[in-house]
Amino acid sequence: MEQRVRVHKARLGGDEFRVIRPTPSAARLALRDDHHWLSMYVDRAGAEQLVALWALAARSARSLVHLPIRAAAVPDGAGSGGAGSGGGGEPVALDLVLVHQSLRFPTGAWKEVRSRLDAGRPQTTATPERDFPDEDAVDYGRWHHRSYRDQLAFGIAAHTLFVVGSPTAFRERGAALRGLVDEAPSFPHRHPDAGHFCVELDPGPWSRIRNRRRVPASLHIQYCAGWRV
């Protein structure tokens, strides 16, 4: 999978941070904190971009992969009877950052790091077309063991959702995420009476309505073919 990006750097104190962003494109992605869950919307190009950047994040242990999407409008009708109708106040628009847990990035520093980013340099990245395992190769039973450490973690800071994990965590969740590219476009034809195609990602094995930091404990990603705003 190829993806055109810009690679930015920022210094904060004695530390230098590397941030990868996709170049502007026609892809549509939007993310909202709906207070009871996190709701993300992607069209076909957006799904391809998200999967490509997710694969890049799995391989980029020293970088933050940043999707600056909080200015994007959600599709017309989003949340009607679905993931955006949970109440608890108006949805909050968010960016998305994917980052390795080994980087130990302090999310409280993100606002200042973001403000210090340089203009960046263009680059084309490439990851193998099948960088994620097949879903039937993932041992989902392990996810419920307290000793299992390859979980995702969610955090929110400076209007940004941080998805933090190990390379294994990103790759195993990527197996499901890949369905947004492989299965979602033909889903209405194969299942004309079904609802929308979506993928849900949860942090850790002990998901509740809210985790300890009051971040919604489910990320619902909905495929929207005919996106109207």
Would you tally the residues in the range 88-109 being touching a residue at least 60 places away in the same chain (Cβ under 8 Å), in contact with a strand residue (DSSP E or B) (Cβ under 8 Å, 6 or more places away or on another chain) and assigned to a helix (DSSP H, G or I)?
-> 2
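Yes/no per residue for (1) surrounded by fewer than 12 Cβ atoms within 10 Å (Cβ to Cβ); (2) touching a Cys at 6+ places or on another chain (Cβ under 7 Å); (3) more than 17 Å from Leu152 (Cα to Cα):
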site	(1), (2), (3)
Asp43	no, yes, yes
Glu48	no, no, yes
Ala52	no, no, yes
Ala61	no, no, no
His66	no, no, no
Arg104	yes, no, no
Thr107	no, no, no
Unmet criterion (only one of (1) modelled with pLDDT of 95 or more; (2) crowded, with 18+ Cβ neighbours inside 10 Å; (3) not aromatic (Phe, Trp, Tyr)) for Pro122 | (2)
Would the range 12-33 turn up any residue that is free of Cβ contacts under 8 Å to residues at least 24 places away in the same chain, of a type in the set (Asp, Glu) and surrounded by fewer than 19 Cβ atoms within 10 Å (Cβ to Cβ)?
-> yes
Restrict the check to the range 37-50 and report whether at least one residue is in a loop (DSSP other than H, G, I, E, B) and modelled with pLDDT of 95 or more.
-> yes
Per-region count, the range 51-75, residues of a type outside the set (A, V, I, L, M, F, W, C), in a loop (DSSP other than H, G, I, E, B) and under 20 Å from Gln151 (Cβ atoms) = 1
Residues that are buried (at least 18 other Cβ atoms within 10 Å of the Cβ) and at pLDDT 85 or above: which helices (runs of 4 or more DSSP H) entirely in the range 152-226 hold 2 or more of them?
-> 167-177, 179-182
Is the range 62-77 home to any residue that is closer than 22 Å to Arg130 by Cα, at pLDDT 95 or above and touching a Gly at 6+ places or on another chain (Cβ under 9 Å)?
-> no
Filter result for the condition that a residue is within 17 Å of Thr168 (Cα to Cα), touching a Phe, Trp or Tyr at 6+ places or on another chain (Cβ under 8 Å) and at pLDDT 95 or above, over Trp110, Trp54 = Trp54
Which of the residues spanning the range 28-42 are within 13 Å of the chain's Cα centre (by Cα) and basic (Lys, Arg)?
-> Arg32
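The values are calculated or read from the model by the stated rules, or taken from the named source; none is laboratory data. Since the model is a prediction, treat every value here as computed from it, not as a measurement. Please note: Cβ atoms are built from the backbone with ideal geometry, for glycine as well, and neighbour counts cover all protein chains shown.
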